[in-house]
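Data first, discussion second: the structure below is written as structure tokens.
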Amino acid sequence: MAIKYSEKVIEHFKNPHNVGELTEPAGFATEGSPACGDQLSVYLDIEEGTHVIKDIKFQSYGCASNIATASIITDMAKGKTLEEAKELTWKQAAEELGGLPPVKMHCSVLAVDALRSAIKNYEETHLGKQFDDSLSKSNVEKELEKIIYGKVGVDILTLKLVKYVGVDNENNIIIDLEMDEDDKFLDDVKKEIREHLAQFEKANKIEINLV
């Protein structure tokens, strides 16, 4: 079955805004992975003092939804302060596009994630801010909030598909999922979990169980 997109998604896919790169970005980040289907890089030019995003560019590897959501989120962020831009959500990005098919909602999450990571990069390198990126249950849960169940377009924590999250004494991450073995979205969810949790370099193993 063909995926149906809104007219605005098609418009931003065919004529995306803010495509390109900045040669000396104040903030930069890449999220996602071509191996998993989608990747997005975001470049920021920040006005010192006011911390307003003067310019923003993106480079995308992925589908129409990936390009469209990157286009709309960069439009939404331009001219905002860093604090205002950090408040933008993937739901707002999807709404600005007139909606996204549930199976493509993860592209909106990726766009917001890349924007926030680029802001974080600026705050670390230019403002000296420090962030808690340690391997902990709370930080693992923050990553799980970004994983969308493609059948309905909602994250797996909100849907209560995650029944247990833990980090043991040997730095193994344990995730218990309440999903059927024959669920056609199970493999995608598992792949997304492993991709998002791979950032925890101290993690010894990621164990995903069905309960």
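The values are calculated or read from the model by the stated rules, or taken from the named source; none is laboratory data. Computed from a predicted structure; not experimentally measured. Because the Cβ atoms are built from the backbone with ideal geometry, glycine has one as well, and the counts that use them run over all protein chains shown.
Before moving on, here are some points about what is shown:
- Evaluating Asp132 against the criteria (1) under 23 Å from Leu197 (Cα atoms); (2) charged (D, E, K, R); (3) at pLDDT 95 or above leaves one unmet condition, (3).
- Flag for Lys151 being exposed (fewer than 15 other Cβ atoms within 10 Å of the Cβ), outside the structural domain of Leu82 (by TED's automatic domain parsing), free of Cβ contacts under 8 Å to residues at least 60 places away in the same chain and part of a helix (DSSP H, G or I): no
- None of Lys142, Lys163, Lys146 is outside the structural domain of Lys91 (by TED's automatic domain parsing), within 28 Å of Ala94 (Cα to Cα) and in a strand (DSSP E or B) except Lys163.
- Identity of the residue in segment 54-64, of a type outside the set (Gly, Ala, Ser) and part of a strand (DSSP E or B), that ends up modelled with the lowest pLDDT: Tyr61
- Being over 25 Å from Leu157 (Cα atoms) and not β-branched (Val, Ile, Thr) holds for only one residue in Leu82, Leu115, and it is Leu82.
- Criterion violated by Glu31 - all others in (1) part of a strand (DSSP E or B); (2) more than 24 Å from His126 (Cβ to Cβ) satisfied: (2)
- Residue count for segment 62-77 under the criterion of being out of contact with any Asp or Glu (no Cβ under 7 Å at 6 or more places or on another chain) and over 19 Å from Lys4 (Cα atoms): the result is 4.
- Tallying residues that are touching a His at 6+ places or on another chain (Cβ under 6 Å) and of a type in the set (Val, Ile, Thr) within segment 73-94 yields 1.
- Test: residue in segment 198-210 that is surrounded by 17 or more Cβ atoms within 10 Å (Cβ to Cβ), touching a residue at least 40 places away in the same chain (Cβ under 8 Å) and closer than 21 Å to Val112 by Cβ: yes
- Residue in segment 1-16 that is closer than 16 Å to Asn121 by Cβ and touching a helix residue (DSSP H, G or I) at 6+ places or on another chain (Cβ under 6 Å) present: no
- Condition met for Asp176 (out of contact with any Phe, Trp or Tyr (no Cβ under 7 Å at 6 or more places or on another chain) and either surrounded by fewer than 17 Cβ atoms within 10 Å (Cβ to Cβ) or assigned to a loop (DSSP other than H, G, I, E, B) (or both)): no
- Checked against (1) touching a Leu at 6+ places or on another chain (Cβ under 8 Å); (2) loosely packed, with under 12 Cβ neighbours inside 10 Å, Asp132 meets all criteria but (1).
- Ile67 passes every criterion in (1) at pLDDT 95 or above; (2) surrounded by fewer than 22 Cβ atoms within 10 Å (Cβ to Cβ) apart from (2).
- Residue in segment 41-53 that is part of a strand (DSSP E or B), under 13 Å from the mean Cα position of the chain (by Cα) and not basic (Lys, Arg) present: yes
- Asp75 passes every criterion in (1) under 15 Å from Lys104 (Cβ atoms); (2) part of a helix (DSSP H, G or I) apart from (1).
- Some residue of segment 14-25 being under 14 Å from the mean Cα position of the chain (by Cα) and within 28 Å of Ala198 (Cβ to Cβ): no
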